[in-house]
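Asker: Take a look at this one; I'll ask things after.
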Amino acid sequence: MSCHEAHGTWFCRNEDREVLVSEGQAGQLHYALFGIKGSEEWAAFKLKTRALRTADLKAYPELPDTAMGFIDPDQNCVVFVPESDLESPTQRPSLATNSDPLPPAASQHFALRTPNIQAMVRFYTEDLGFILSDVVKDDTGQLKACFVRGNEMHHTLALFGAPVSCFDHQSFETPGWHELKDWADHMGQLRVEIVWGVGRHGPGNDVFFMVRDPDGNLAEISSEIEMCDASRPVGEWKHEERTLNLWGKAIMRS
Ligand SMILES: [Fe+2]
């Protein structure tokens with residue numbers, strides 16, 4: 001990614017992916033940004049959320065005037081913008097040039113840890129309209145994780161039950177297995193250790209590996225994620241390592 005600073009925030013960008021870094025407590029979400037495709041879909045989203053209290057977005061001058069923000073039960077700020085109001089790649093400053101030999105890695109999903117998973121999943125599905133793809137439950141039937149989507153991709157957001165509320169990871173989609181290997185080789189050359197994977201998640205069925213940034217946040221390279229049609233029933237998984245990694249070990253958040 002290429003980086004520039006504005007209004008006290010670092011904007012790190014490459015084609016189809018962007019990460020913002022601002023000063024503050026490590027492991028917390030600055031805000032999450034979703035683009036909504038199509039004017040009819042935007043109007044439907046505004047109608048659905050009309051009774052919700054919107055967040056004050058003055059602290060984020062980079063956002064277009066049409067942006068609508070909401071505060072989730074864990075106090076994370078999630079922002080929605082008509083996709084047509086997002087800057088196109090050519091408008092973006094400091095975009096990496098074609099000399100970058102790495103394969104594409106577009107923003108795919110992100111994940112949060114939460115001590116309030118029931119309230120969080122209710123907020124994201126019932127209030128904001130995300131669709132529940134899969135849930136993970138323990139032997140007593142308690143919800144431990146859930147995966148929600150905004151389009152056909154299996155999850156845009158994953159929620160993991162945990163003792164504290166914090167950011168968990170951001171994931172970047174690379175076109176296939178060979179490109180995932182190229183990213184792993186790149187990490188190896190930089191001596192950035194792969195801390196989890198290569199593996200395959202149960203929910204979403206994506207092949208993945210994860211590294212940590214200097215603050216300890218996980219960053220994931222992912223491929224082959226499941227695409228869901230509207231009639232897909234909600235899947236249910238057992239809370240065990242195999243669910244989070246069909247090939248072996250998992251990072252258990254609780
Ligand atoms: Fe992930």
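Asker: Given the Cα-Cα distance of Ile251 and Arg50 and 0.36 nm per residue of separation, how much length would full extension add, in nm?
Answerer: Working: separation 201, 0.36 × 201 = 72.36 nm, distance 3.79 nm.
So the extension gain works out to 68.6 nm.
Asker: As a footprinting exposure proxy, order Thr66, Thr156 by other Cβ within 10 Å, with the fewest listed first. Kindly include the intermediate steps, with their values, before the conclusion.
Answerer: Numbers: Thr66 13, Thr156 21.
Arranged by neighbour count, lowest to highest, Thr66, Thr156 become Thr66, Thr156.
Asker: How much of the DSSP beta bridge set in segment 2-91 is antiparallel, as a percent to the nearest 5? Intermediate results must be reported in sequence, preceding the final value.
Answerer: Working: 15 of 20 bridges.
About 75 percent, rounded to the nearest 5.
Asker: Using only Cα atoms, what is the ratio of the radius of gyration of segment 2-91 to 2.2 N^0.38 Å?
Answerer: Details: Rg = 13.8 Å, N = 90, 2.2 N^0.38 = 12.2 Å.
Relative to the rule-of-thumb radius for its length, segment 2-91 sits at 1.14.
Asker: Sorting Thr243, Thr140 on the 10 Å Cβ count, fewest up front, what's the list?
Answerer: Values: Thr243 19, Thr140 6.
Ascending number of Cβ neighbours within 10 Å: Thr140, Thr243.
Asker: Next question. So which residue, out of His186, His169, His109, gets the largest mean-square fluctuation from a GNM of the chain using Cα contacts under 10 Å as springs?
Answerer: His186
Asker: On a full-extension model of 0.36 nm per residue, what is the gain between Leu102 and Ser39, subtracting their alpha-carbon distance, rounded to one decimal in nm?
Answerer: On the way: separation 63, 0.36 × 63 = 22.68 nm, distance 3.43 nm.
Residue separation times 0.36 nm, minus the Cα-Cα distance, leaves 19.3 nm.
Asker: How many lysine pairs are close in the chain, with Cα atoms under 21 Å apart and the two 8 or more places apart or on different chains?
Answerer: 9
Asker: Nearest-5 percent of antiparallel DSSP beta bridges in the chain?
Answerer: Counting only bridges with both partners in the chain, antiparallel ones make up about 70 percent.
Asker: Let me ask something else. Apply the Karplus curve 6.51 cos²θ - 1.76 cosθ + 1.60, θ = phi - 60°, to the phi angles in segment 207-219 and return the couplings in whole Hz, x for Gly and Pro.
Answerer: Listing the rounded values in order: 7, 7, 9, 10, 10, 10, 7, x, 7, x, 5, 7, 10 Hz.
Asker: For Cys146, Cys77, Cys3, Cys166, what ranking results if the residue with the fewest other Cβ atoms within 10 Å of its Cβ goes first?
Answerer: On the way: Cys146 27, Cys77 18, Cys3 12, Cys166 21.
By the 10 Å Cβ count, ascending: Cys3, Cys77, Cys166, Cys146.
Asker: Which far-off residues, 5 or more places away or on another chain, put their amide H under 5 Å from the one on Lys144, with H placed in the peptide plane?
Answerer: Amide H to amide H, under 5 Å and 5 or more residues apart or across chains, Lys144 pairs with Val136, Lys137, Asp138.
Asker: Here is a further query. For segment 212-254 and segment 16-32, compute the distance between their C-alpha centroids and round to whole Å.
Answerer: That distance is 21 Å.
Asker: For every helix of n ≥ 4 consecutive DSSP H residues, a contribution of -39,500 (n - 2.57) applies; sum these over the chain, divide by its total residues, and give [θ] at 222 nm rounded to the nearest 500 deg cm²/dmol.
Answerer: Working: 4 runs with 33 residues, N = 254.
Helix contribution divided over all residues of the chain: -3500 deg cm²/dmol.
Asker: Can you list, bin by bin at 5 Å, the percent of alpha carbon pairs in the chain, starting at 0?
Answerer: Per 5 Å bin, starting at zero, the Cα-Cα P(r) for the chain comes out as 1, 5, 12, 17, 20, 19, 14, 9, 3, 0, 0 percent.
Asker: Mind jotting down the three principal axis lengths of segment 106-244 based on Cα atoms? Whole angstrom, largest first.
Answerer: 44, 33, 28 Å, listed from the longest principal axis down.
Asker: Moving on. Dividing the alpha-carbon Rg of segment 160-203 by 2.2 N^0.38 Å yields what? Walk me through the numbers before you get to the answer.
Answerer: Details: Rg = 13.2 Å, N = 44, 2.2 N^0.38 = 9.3 Å.
So segment 160-203 has a normalised radius of gyration of 1.43.
Only the coordinates and a few stated rules stand behind these numbers; no lab work does. In this text the structure is predicted, and so the values were computed from the model without any measurement. Cβ atoms come from the backbone with ideal geometry, glycine included; neighbour counts cover every protein chain shown.
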